[in-house]
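Only one structure is covered here, and it is reproduced in the block below.
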Amino acid sequence: MTDNAPHDIRMHETAGIAVRKLRLAWGETVLLDNVSFEVSPGSWTCLLGESGVGKSTLLRTIAGLIDPIGPTKISSHDGSALRGRVAYMAQQDLLLPWLSAIDNVALGARLRGEPVDHCRARNILERTGVAERANALPAEMSGGERQRVALARTLMEERPIVLMDEPFSALDAITRIRLQDLAVDLLSHRTVLMVTHDPFEALRLADGVFILRSPGNEQARELPDMPIVPPGIVPRDPTDPALRNVHQAIMCALGGKSGMGRAA
């Protein structure tokens, strides 16, 4: 899914994300307040935190699906607007059930009234490993196949920033690892900000990890000014002993313990 801006972004461009004075609320409950952070261009960053802390709300706000509150400013790292630079991939595949795989991949162009490049759509389906399912309806595909089509639709948009909301969590363990590897390969030149509830997934994929703390925590509404940075090259083996200290730091942060740094 993407915004409705003209499709004029070239993949040789790079764009990071800068969030300033972020305020998020759900009804009367303030989830985050006066938070600032940056995501470097070309990096893969994960957001971790308990359910209800505001991870998905934050991602949807950056995507432009929810209006920011108060003085919040969301832009590219160079201060320019994000509009037209962002693709959004949800946890659910969100495929339209009456469209074939290839027509779902080309949905963005159709919604914008642009000519559909079916040759390119088929090429991307081949890259994601589901070219033989191009004419299949979502009901005829497995969960892993549908999620590959959703990833292909994201790639079809050629946006330099990709926002992903737990895109692999509904899959079985083997399929999840395979799609993680595929995403790392196909999104290697893009800026990825992904919400996950799984510390091991974050250790496997992320160049940097930010922790969002629950509203009931004494450090709620805070975000470390620097992400946790796991060592090694992605996709990592999360059971590697070299990652033990990073995993411990993440678990301490999720538990609300000290030692994670001062909030921005």
Taking region 104-117 and keeping only residues that are assigned to a loop (DSSP other than H, G, I, E, B) and either among the charged types (D, E, K, R) or surrounded by 13 or more Cβ atoms within 10 Å (Cβ to Cβ) (or both), one is left with Ala106, Glu114, Val116, Asp117
When Met194 is run through (1) modelled with pLDDT of 85 or more; (2) more than 18 Å from the chain's Cα centre (by Cα), the failure sits at (2)
Among the residues of region 167-187, is any outside the structural domain of Leu48 (by TED's automatic domain parsing), in contact (Cβ under 8 Å) with a residue 40 or more places away in the chain, farther than 29 Å from Pro231 by Cβ and not in a helix (DSSP H, G or I)? no
Next on the checklist: Being within 17 Å of Thr196 (Cβ to Cβ), of a type in the set (A, V, I, L, M) and not assigned by TED's automatic domain parsing to the domain that holds Leu32: is that true of Ala90 here?
Outcome noted: yes
query = Thr128: touching a strand residue (DSSP E or B) at 6+ places or on another chain (Cβ under 6 Å) and not assigned by TED's automatic domain parsing to the domain that holds Ser43, yes or no?
reply = no
Of those in region 229-260 that are in contact with a helix residue (DSSP H, G or I) (Cβ under 6 Å, 6 or more places away or on another chain) and aliphatic (A, V, I, L, M), the residue modelled with the lowest pLDDT is Met260
Checked Thr72, Thr45, Thr14, Thr57 against criteria (closer than 30 Å to Ile233 by Cβ and modelled with pLDDT under 90); the one match is Thr14
If you go through Ala121, Ala109, the only one that is of a type in the set (A, V, I, L, M, F, W, C) and modelled with pLDDT under 90 is Ala109
message = Being loosely packed, with under 13 Cβ neighbours inside 10 Å, in a helix (DSSP H, G or I), at pLDDT 90 or above and not assigned by TED's automatic domain parsing to the domain that holds His189 is the requirement here; does Ala139 meet it?
response = yes
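Each row is one residue, and each column tells you yes or no for (1) touching a Phe, Trp or Tyr at 6+ places or on another chain (Cβ under 9 Å); (2) polar (S, T, N, Q).
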{"residue": "Gly52", "(1), (2)": "yes, no"}
{"residue": "Leu58", "(1), (2)": "no, no"}
{"residue": "Leu65", "(1), (2)": "yes, no"}
{"residue": "Ser76", "(1), (2)": "no, yes"}
{"residue": "Asn104", "(1), (2)": "no, yes"}
{"residue": "Arg120", "(1), (2)": "no, no"}
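The values are calculated or read from the model by the stated rules, or taken from the named source; none is laboratory data. This is a predicted model, so every value here is computed, not measured. A quick note on method: Cβ atoms are made from the backbone with ideal geometry, for glycine too, and the neighbour counts reach across all protein chains shown.
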